[in-house]
Amino acid sequence: MDTTRALPHALTGKIALVAGATRGAGRAMAVELGRAGATVYVTGRTTREHTSEVGRTTETIEETAELVTEAGAGAEAGGGQGIAVPTDHLEPEQVEALVERIDREQGRLDILVNDIWGGDVHVEWGKKMWEHDLDKGMRILRLGVETHIVTSRYALPLLVKNPDGLVVEVTDGTEEYNGPNYRKPFYYDLAKSAPLRMARGLAEEVGEYGCTALCLTPGWLRSEFMLDTAFSVSEENWRDGCEQNPHFAISETPTFVGRALVALASDPEVARWNGKSLSSGGLAKEYGFTDVDGSAPDAWRYLTEVDQASKTADVTGYR
């Protein structure tokens, strides 16, 4: 049973902040929270008037908010609403103002999603640590680590005022996968490993307030960038990308991790996951939701058992 569809108003009355919601997983998580009834503040640096260093003009934070509201309206009465707040999460004063606005307008914060990234444009793939441009490497760490710290610093005092708050650190890769595997290059590995540890540390600190912190990762994400830039396909013909890399067959839409988030946020026993590393594919088995095509891809298990084992691409039993 697809639990996200079975409980369309499960999060009505909840207030969420999805930091880094311009596109990809962040956008999808915001939309699915809205579909489930939450009021969602969405942040990012790309607006209809300004483009971030990522350089994509096709997705904006205002559009994300509109999609959230549209999804909420589609859920009939009790649907969610999207509120766009352009924010650079490396600027503490902007984040502080964002949280003050949420407090002023809502008086609470129930769900914090730290999905800020944007570092791919600085990664020099295939270079050793000492070959990689240092300024670009440090920018990667600022975008993938410092932004999360700044956001939690200002948002958590509001979130822990009420029990049952949920903090979600978003990364690429589970603890089981990233632990033994070097996600090269050096700076990328650090940026994607840090949220796993941050979730564990925050779990220790928010737990005494009756709140939960965890780390969530999608699998091989068919984000806008992955589709049109990395594989030159669209969502309609994404399987053509398997001609370039047959293992792309295990990929998933951003909606899949959005449904994973809703399942977690709707779970009255979510505290059992405190400090844990979770994936969309793993949670699908726990909660019974699916991707938009009805499948449930388990990408990280597939990458370990098939891709890394140099086996012929075959997703049978993995989606």
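Filtered by the rule that a residue be outside any helix (DSSP H, G or I), under 16 Å from the mean Cα position of the chain (by Cα) and not hydrophobic (A, V, I, L, M, F, W, C), the range 185-240 gives THR217, PRO218, GLY219, ARG222, SER223.
Does any residue of the range 156-171 turn out to be more than 30 Å from GLY210 (Cβ to Cβ) and surrounded by fewer than 24 Cβ atoms within 10 Å (Cβ to Cβ)? No, the range 156-171 contains no residue that is more than 30 Å from GLY210 (Cβ to Cβ) and surrounded by fewer than 24 Cβ atoms within 10 Å (Cβ to Cβ). Taken residue by residue, the range 169-185 has at least one member that is modelled with pLDDT of 95 or more, in contact with a His (Cβ under 7 Å, 6 or more places away or on another chain), more than 21 Å from ILE102 (Cβ to Cβ) and not polar (S, T, N, Q).
Pairs are defined by a Cβ separation below 7 Å, a sequence spacing of at least 6 or placement on different chains, a first member in the range 203-214 that is at pLDDT 95 or above, and a second member that is aromatic (Phe, Trp, Tyr) and surrounded by 15 or more Cβ atoms within 10 Å (Cβ to Cβ); the pairs so defined are THR212/TRP273; LEU214/TRP273. Answer yes or no: is there a residue in the range 130-137 that is part of a loop (DSSP other than H, G, I, E, B), touching a residue at least 60 places away in the same chain (Cβ under 8 Å) and touching a helix residue (DSSP H, G or I) at 6+ places or on another chain (Cβ under 8 Å). No, the range 130-137 contains no residue that is part of a loop (DSSP other than H, G, I, E, B), touching a residue at least 60 places away in the same chain (Cβ under 8 Å) and touching a helix residue (DSSP H, G or I) at 6+ places or on another chain (Cβ under 8 Å). Of all residues in the range 192-221, those satisfying the criterion of being buried (at least 24 other Cβ atoms within 10 Å of the Cβ) and closer than 16 Å to ASP115 by Cα are PRO195, ALA199, LEU202, ALA213, CYS215, LEU216, THR217, PRO218, GLY219. Right, ARG319: charged (D, E, K, R), surrounded by fewer than 18 Cβ atoms within 10 Å (Cβ to Cβ) and touching a strand residue (DSSP E or B) at 6+ places or on another chain (Cβ under 9 Å) or not? Considered against the rule, which asks whether it is charged (D, E, K, R), surrounded by fewer than 18 Cβ atoms within 10 Å (Cβ to Cβ) and touching a strand residue (DSSP E or B) at 6+ places or on another chain (Cβ under 9 Å), ARG319 comes out as no. The number of residues in the range 86-127 being within 19 Å of LEU166 (Cα to Cα), of a type outside the set (Val, Ile, Thr) and within 17 Å of the chain's Cα centre (by Cα) comes to 4.
LYS127 meets all of the listed conditions (1) surrounded by fewer than 18 Cβ atoms within 10 Å (Cβ to Cβ); (2) touching a Gly at 6+ places or on another chain (Cβ under 9 Å) but one, namely (2). Filtering the range 244-281 to residues that are surrounded by fewer than 24 Cβ atoms within 10 Å (Cβ to Cβ), in contact (Cβ under 8 Å) with a residue 40 or more places away in the chain, assigned to a helix (DSSP H, G or I) and over 15 Å from the mean Cα position of the chain (by Cα) leaves PRO246, HIS247, ALA249, SER266, VAL270, ALA271, TRP273.
The values are calculated or read from the model by the stated rules, or taken from the named source; none is laboratory data. This structure is a prediction, so every number in the text was calculated from the model and none was measured. Here the Cβ is made from the backbone with ideal geometry for all residues, glycine too, and neighbour counts use every protein chain on show.
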